[in-house]
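Report on the following structure.
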């Protein structure tokens with residue numbers, strides 16, 4: 001019976017490795033793989049694994065004003081979803097961001113090198129919203145798909161080359177709007193969240209394959225993107241409530 005619970009396919013194993021950000025060539029991967037082979041993981045424990053992240057990340061973030069605007073969207077809850085109906089893991093509070101790079105906690109890369117990976121001449125980054133999608137992973141439950149401009153993709157490549165690491169940033173670039181447990185997702189919560197945004201007029205399809213979000217409360221406040229003034233280095237070791245910002249790297253105000 002236990003082994004049947006762990007008839008985990010390769011995608012599940014990869015999911016755990018990605019979520020825990022294990023070094024695919026290190027000891028921790030071997031230990032985790034052995035663990036997954038031998039120990040049954042029921043759904044609640046699987047969600048517990050997925051609600052934690054490990055390591056250091058670089059975030060492209062909006063300004064304080066745009067952060068507050070996006071948080072109004074992130075605070076939306078489906079009308080038929082009550083706190084008693086959803087897991088305590090779902091809907092944690094976090095700052096909106098695009099994960100530029102994600103490193104294992106055992107990468108041994110100094111903070112100074114992380115800062116140096118961002119070019120001193122780097123201009124503020126223009127972020128354009130492409131679509132709002134429901135995903136199949138805790139950390140990509142419902143997210144804004146961002147247009148992969150040449151500036152974003154070039155910086156993404158430069159940072160990983162400077163750090164000498166392979167990218168661990170699935171669906172780059174995107175901005176998560178909420179994190180919802182697998183258990184709740186099986187009952188349609190991720191899709192309900194996205195549908196709530198659409199049914200309440202929070203999403204507008206724009207020309208050119210783009211979208212805008214209505215971040216207003218008393219009156220409309222449509223946002224189709226933002227200009228990122230800085231990049232944060234965040235310690236994402238452990239559960240979300242323990243995440244902390246280590247460094248803020250300002251970008252040049254002039255956009256190329």
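The values are calculated or read from the model by the stated rules, or taken from the named source; none is laboratory data. Please read all numbers here as calculations on a predicted model, not as lab measurements. Every residue, glycine as well, gets a Cβ built from its backbone with ideal geometry; the counts of neighbours run over all protein chains shown.
Listed conditions (1) in a strand (DSSP E or B); (2) surrounded by 15 or more Cβ atoms within 10 Å (Cβ to Cβ) are all met by residue 151, apart from (1).
When 118, 144 are checked against the criterion of being buried (at least 17 other Cβ atoms within 10 Å of the Cβ) and closer than 22 Å to residue 244 by Cα, 118 stands alone in meeting it.
In summary, residue 162 fulfils each of the numbered conditions (1) within 26 Å of residue 76 (Cα to Cα); (2) at pLDDT 95 or above with the single exception of condition (1).
With respect to the conditions (1) surrounded by fewer than 18 Cβ atoms within 10 Å (Cβ to Cβ); (2) over 26 Å from residue 76 (Cα atoms); (3) in contact with a helix residue (DSSP H, G or I) (Cβ under 9 Å, 6 or more places away or on another chain), residue 233 falls short on a single one, namely (1). With respect to the stated conditions, residue 101 is more than 30 Å from residue 196 (Cα to Cα), in contact (Cβ under 8 Å) with a residue 12 or more places away in the chain, touching a helix residue (DSSP H, G or I) at 6+ places or on another chain (Cβ under 6 Å) and not in a loop (DSSP other than H, G, I, E, B).
The single condition among (1) over 19 Å from the mean Cα position of the chain (by Cα); (2) at pLDDT below 95; (3) under 30 Å from residue 200 (Cα atoms) that residue 9 does not satisfy is (3).
Only one entry in 216, 208 is in a loop (DSSP other than H, G, I, E, B), surrounded by fewer than 17 Cβ atoms within 10 Å (Cβ to Cβ) and free of Cβ contacts under 8 Å to residues at least 12 places away in the same chain, namely 208. Within region 82-98, is even one residue part of a strand (DSSP E or B), touching a residue at least 60 places away in the same chain (Cβ under 8 Å) and closer than 30 Å to residue 203 by Cα? Within region 82-98 (the criterion being part of a strand (DSSP E or B), touching a residue at least 60 places away in the same chain (Cβ under 8 Å) and closer than 30 Å to residue 203 by Cα), the answer is yes, since at least one residue qualifies. Residues in region 180-201 that are over 14 Å from residue 78 (Cα atoms) and not in a helix (DSSP H, G or I): 181 alone.
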